[in-house]
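The values are calculated or read from the model by the stated rules, or taken from the named source; none is laboratory data. Because the structure is predicted, anything quoted here is derived from the model rather than measured. Here Cβ is always computed from backbone atoms with ideal geometry, including for glycine, and neighbour counts include all displayed protein chains. The area values use the complete protein model at the heavy-atom level, side chains included, leaving out ligands, DNA and RNA. Shrake-Rupley method; radii C 1.70, N 1.55, O 1.52, S 1.80 Å.
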Amino acid sequence: MTSQSQGIHQLLQAEKRAKDKLEEAKKRKEKRLKQAKEEAMAEIDQYRMQRDKEFRLKQSKIMGSQSNLSEEVEEQTQGKIKELNGSYNKYMENVLKQLLNAVCDVKPEIHVNYRATN
C-alpha cells in the first residue's frame, strides 16, 4: 500500500509540476503577447508620426506656394494701381483742357446735310 501511496503521491507531484509548467507557459505567452502588442503600438506610433511629418511638409509646400502666389498677385496689383494713378495724374490736365475746349469753343456752322427749304 505504501508503494501505491508513493505512486499516487508521485503522480500528484507530476501533475502539480505539469500544472505549474502550463501556468508558467501561459504567463510567458501572455508576456510575449503583451510585449508584441507594445512593440506594434510603438511601430504604429512611429509610422503615424512619420506620415504626419510628411503631410505637414507637403501641406507647408502647398500653402507656402499659395501664400507666395497671393503675395505676388497683391504686389502686381499694387504696381498696376501705382502705374494707373501715375498715368491719370500725367494726362488728367491735358484731357480736361481738350474736353473743355471742345465743349466751350462752339463754332456755329451749318451741317452738311442741311437743306434750305424755301
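Here are a few things to note about the model shown:
- Net charge of neighbours whose Cβ lies under 14 Å from the Cβ of residue 88, counting Lys and Arg as +1 and Asp and Glu as -1: +1
- Over segment 1-58, the alpha carbon radius of gyration divided by the compact-protein estimate 2.2 N^0.38 Å works out to 2.41.
- Listed residues 41, 63, 92, most fluctuating in the chain (Gaussian network, C-alpha, under 10 Å): 92
- The chain - percent of accessible surface contributed by carbon and sulfur, probe 1.4 Å: 56 percent
- Net charge over other residues, Cβ less than 14 angstrom from the Cβ of residue 37 (K, R count +1; D, E count -1): -1
- Taking all protein chains into account, the per residue accessible area for the chain stands at 104 Å² (1.4 Å probe).
- In the chain the Cα-Cα distances spread across 5 Å bins starting at 0 as 2, 7, 5, 6, 5, 5, 5, 5, 5, 4, 4, 4, 4, 4, 3, 3, 3, 3, 3, 3, 2, 2, 2, 2, 2, 2, 1, 1, 1, 1, 1, 0, 0, 0 percent of all pairs.
- Between helix 2-104 and the chain: long-axis angle, C-alpha atoms, 0 to 90°, nearest 10: 10 degrees
- Residue-count net charge about residue 59 - beta-carbon cut-off 13 Å; Lys, Arg +1, Asp, Glu -1: +3
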